[in-house]
Amino acid sequence: MRRRDVLAWLGAAAASTLPARAQSPAMPVIGYLAPESPVPFESRLKAFREGLADVGYVEGRNVAIEYRWADGRYDRLPSLAADLAGRNVSVLVASGGAPSAVAAKAATKTITIVFEMGGDPVALGVVDSLSRPAGNITGVSSLSVEVSRKRLEFMHELRPTASSFGVAVNPTSPTSGSQVRNLQMAAEALGVQLHVMNASTEGEFEAMFLSATQAQAGGLVFTSDPYFAFRSTKLADLCLRYSMPAVTQSRDFPAAGGLMSYGGDFIQSHRRAGNYAGRVLNGEKPSSLPVQLVTKVELVVNLKTAKALSITIPPSLISGADMVIE
């Protein structure tokens, strides 16, 4: 081989190694699993990203996020979770409730999972312990599911002479059974009857309000479920159309024109989930990150809607509200 050919070959070989030496470490990827679609999730995502930023991660700068949206179809969550697990993401975030957490846990036993939900993760079998979660999963839980019975108590305070109330349940939710049992116990203590009505699609909403009206229910109490929370505008419209007072878990409902909400602070729970996801990226193990409980519960009342429904809100409810919309 001629000298200049040897030099050219050596130069090419050296050049071929330069990209590998100069290449920066691969950007970590968060797999983000959610039961809904991006638009109604906007405020939750903002809080999640703020939690990530608290520990030094900014999407597009030093972390990538792959999103999978179930668009309200809980039956799609297992395949979406499996898809993210198959991509070997750095951490799998199961956001927006128990259905996402259950699907994520079934999808992988190796990738760290950070969940965000409103129910009791121990009762659901997601973790064995809050203080020492074993395996590959930890996360954040609020009190939205546990306070379902309190919504009935508020509605009874609003309508003390009513003998019955309607209860809206999404039967596809893993927490629906426990919530109904808690509400039944609360109803017995209050001396009222419950009309339990199932709805897992928007097409069933109007029939639910019609049924509550025909049963002469004093109001409609929604169990905690992300499907209801993210359809607050539709539910608020039906509340006014059927002159049926209702209470849900999410402040989105009174903000959209519904009467009342009572549930956990979803902004705080999503922000904490983002913080945990960042800490996992920094090398912390899920077993060293106890499940966080968001203990803040907020009551929101819409006085304008109360007036439209010809309902007088008791002063005790107004004084105890975290937010009053006038």
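The values are calculated or read from the model by the stated rules, or taken from the named source; none is laboratory data. In this text the structure is predicted, and so the values were computed from the model without any measurement. Ideal geometry is used to build each Cβ from the backbone, glycine not excepted, and the neighbour counts take in all protein chains shown.
Looking at segment 196-206, which of its residues are surrounded by 17 or more Cβ atoms within 10 Å (Cβ to Cβ) and either outside the structural domain of I311 (by TED's automatic domain parsing) or not hydroxyl-bearing (S, T, Y) (or both)?
Residues satisfying the conditions are M197, A199, F205.
Checking the condition of a type in the set (F, W, Y), in contact with a helix residue (DSSP H, G or I) (Cβ under 8 Å, 6 or more places away or on another chain), within 25 Å of L289 (Cα to Cα) and crowded, with 22+ Cβ neighbours inside 10 Å, which residue from Y57, Y74 passes?
Selected residue: Y57, the only one of Y57, Y74 that is of a type in the set (F, W, Y), in contact with a helix residue (DSSP H, G or I) (Cβ under 8 Å, 6 or more places away or on another chain), within 25 Å of L289 (Cα to Cα) and crowded, with 22+ Cβ neighbours inside 10 Å.
Can you go through S232, S269, S250 and tell me which one is in the same structural domain as G96 (by TED's automatic domain parsing), surrounded by 22 or more Cβ atoms within 10 Å (Cβ to Cβ) and within 18 Å of E42 (Cβ to Cβ)?
After applying the criteria, what remains is S269.
Filter segment 40-52 down to residues that are among the small types (G, A, S) and crowded, with 16+ Cβ neighbours inside 10 Å and give me whichever is nearest to T201 (Cα to Cα).
Keep residues of segment 40-52 that are among the small types (G, A, S), which gives 43, 47, 51.
Keeping just the survivors that are crowded, with 16+ Cβ neighbours inside 10 Å gives 47, 51.
On the way: A47: 27, G51: 32 Å.
This residue is A47.
Of everything in segment 295-316, what is charged (D, E, K, R) and assigned to a strand (DSSP E or B)? Give them in sequence order.
The one that is charged (D, E, K, R) and assigned to a strand (DSSP E or B): E298.
Residue check, Y276 against (1) modelled with pLDDT of 95 or more; (2) within 21 Å of the chain's Cα centre (by Cα); (3) hydroxyl-bearing (S, T, Y); (4) outside the structural domain of V63 (by TED's automatic domain parsing), all met but one. Which one?
For Y276, the exception is condition (4).
Mind checking whether some residue in segment 237-246 is closer than 19 Å to P160 by Cα, of a type in the set (S, T, N, Q) and part of a loop (DSSP other than H, G, I, E, B)?
There is at least one residue in segment 237-246 that is closer than 19 Å to P160 by Cα, of a type in the set (S, T, N, Q) and part of a loop (DSSP other than H, G, I, E, B).
Residues to consider are Y227, Y262, Y242; find the one that is of a type in the set (S, T, Y) and in contact with a Gly (Cβ under 6 Å, 6 or more places away or on another chain).
Y227
State yes or no: is A273 in a helix (DSSP H, G or I), farther than 29 Å from A306 by Cα, touching a Leu at 6+ places or on another chain (Cβ under 8 Å) and among the aliphatic types (A, V, I, L, M)?
Numbers: in a helix (DSSP H, G or I): yes; farther than 29 Å from A306 by Cα: yes; touching a Leu at 6+ places or on another chain (Cβ under 8 Å): no; among the aliphatic types (A, V, I, L, M): yes.
For A273, the condition - in a helix (DSSP H, G or I), farther than 29 Å from A306 by Cα, touching a Leu at 6+ places or on another chain (Cβ under 8 Å) and among the aliphatic types (A, V, I, L, M) - is not met.
Would you check which residues across segment 282-291 are touching a strand residue (DSSP E or B) at 6+ places or on another chain (Cβ under 6 Å) and outside any loop (DSSP other than H, G, I, E, B) and list them?
P286 - this is the single residue of segment 282-291 that is touching a strand residue (DSSP E or B) at 6+ places or on another chain (Cβ under 6 Å) and outside any loop (DSSP other than H, G, I, E, B).
Would you mind stating whether F209 is in contact (Cβ under 8 Å) with a residue 40 or more places away in the chain, of a type outside the set (G, A, S), touching a Phe, Trp or Tyr at 6+ places or on another chain (Cβ under 9 Å) and surrounded by 18 or more Cβ atoms within 10 Å (Cβ to Cβ)? Don't jump to the end; show me each part of the working.
Values: in contact (Cβ under 8 Å) with a residue 40 or more places away in the chain: no; of a type outside the set (G, A, S): yes; touching a Phe, Trp or Tyr at 6+ places or on another chain (Cβ under 9 Å): yes; surrounded by 18 or more Cβ atoms within 10 Å (Cβ to Cβ): yes.
No.
Have a look at Q179, Q184 and point out the one that is under 11 Å from D225 (Cα atoms) and not in a loop (DSSP other than H, G, I, E, B). Can you show your working first?
Values: Q184 fails: under 11 Å from D225 (Cα atoms).
Unique residue meeting the criteria: Q179.
Among G258, G203, G218, which is the only one that is touching a Leu at 6+ places or on another chain (Cβ under 7 Å) and on the phi < 0 side of the Ramachandran plot?
G258
Return a yes/no flag: does segment 153-164 have any residue that is of a type in the set (K, R), under 18 Å from the mean Cα position of the chain (by Cα) and either within 29 Å of L259 (Cβ to Cβ) or modelled with pLDDT of 95 or more (or both).
no
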